[in-house]
Amino acid sequence: MGDTKFDLLEKNRQWVKEQLELDPNYFNNLSLGQNPEYLWIGCSDSRVPANQITGTKPGDIFVHRNIANMVVHSDMNMLSVLSYAVEVLKVKHIIVCGHYGCGGVVAAMENQQLGLIDNWLRHIKDVYRFNAAELDAIKDNTERARRFVELNVIEQVGHLGKTSIVQNAWRRDQPLTLHGWAYDVKDGIIHDLGVTFTCTKDLHKVYHLD
């Protein structure tokens with residue numbers, strides 16, 4: 001078996017060669033800057049690469065990924081990405097995309113102690129607690145996990161809307177729409193979960209910021 005590090009470097013060189021054969025100005029054009037219309041908040045799972053599953057090119061989507069595509073109000077990494085995407089890049093759409101079979105979601109359904117990650121899983125467990133009546137009524141574990149993935153996405157879209165970053169954009173009449181999607185690794189299809197926020201009125205009034 002070869003050195004994985006150098007395998008990746010060799011694959012990089014091959015990829016560069018292929019891109020230049022298709023378009024000699026490919027990297028020159030990329031170096032001029034980015035103007036994406038989308039911010040993608042997805043899971044860190046290696047099977048869910050945003051550009052590939054949406055058929056888009058580098059520069060089309062600004063991306064933030066973490067375990068189970070969470071929007072946590074105290075996560076400075078996520079908030080910094082959100083701020084830059086909304087206030088500097090002026091993205092028009094923010095997509096929270098979960099995926100069926102998410103390991104973080106499945107782990108949050110269980111009671112096993114896993115270590116440091118337990119602190120992160122607590123945020124996901126909160127979503128289960130909010131929706132316990134619906135989820136507990138689903139007897140099949142696989143189907144329960146699938147629904148939990150969807151409910152988690154819906155909750156995270158709501159968390160985005162609660163941020164001052166998003167609400168200030170809406171107050172400025174900046175076009176910004178929040179979406180909730182779920183990707184199925186088994187067939188490659190992205191499902192629109194029908195949760196779309198376009199203004200502060202889409203939130204419960206207790207979350208409205210003056």
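Numbers at a glance
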item: Across Lys57/Lys186; Lys92/Lys201; Lys57/Lys201; Lys92/Lys205; Lys125/Lys186; Lys90/Lys186, pairs whose alpha-carbon gap is larger than 30 Å; result: Lys57/Lys201; Lys90/Lys186
item: Other-chain or far-sequence residues with amide H under 5 Å of Val63's (modelled H); result: Trp40
item: Qualifying trypsin sites (Lys or Arg not before Pro) in the stretch 114-149, DSSP loop, other Cβ atoms within 10 Å at most 15; result: Lys139
item: Among Ala133, Leu116, Val86 - extreme Cα towards positive end, dipole of the stretch 85-155, charges at beta-carbon; result: Val86
item: Other-chain or far-sequence residues with amide H under 5 Å of Asp45's (modelled H); result: Ala68
item: Charge sum, other residues only, whose C-beta stays under 14 Å from Leu209's C-beta, Lys/Arg counted +1 and Asp/Glu -1; result: +3
item: Nearest-20 debye value, the stretch 66-210 charge dipole, Cβ charges on Lys, Arg, Asp, Glu; result: 320 debye
item: Per-residue ³J(HN,Hα) for the stretch 155-161, Karplus 6.51 cos²θ - 1.76 cosθ + 1.60, θ = phi - 60°, Hz, x for Gly and Pro; result: 5, 5, 4, x, 4, 4, x
item: The stretch 137-210 and the stretch 62-117: distance between their alpha carbon centers, rounded to Å; result: 12 Å
item: Answer label, with mean projected area of the Cα convex hull in nm² calculated from the coordinates and candidates (i) 15.0; (ii) 10.8; (iii) 18.2; result: (i)
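We did not get these values from a lab; they are worked out from the coordinates using the rules stated. Quantities reported herein were computed from a predicted structural model and do not represent experimental measurements. Here Cβ is always computed from backbone atoms with ideal geometry, including for glycine, and neighbour counts include all displayed protein chains.
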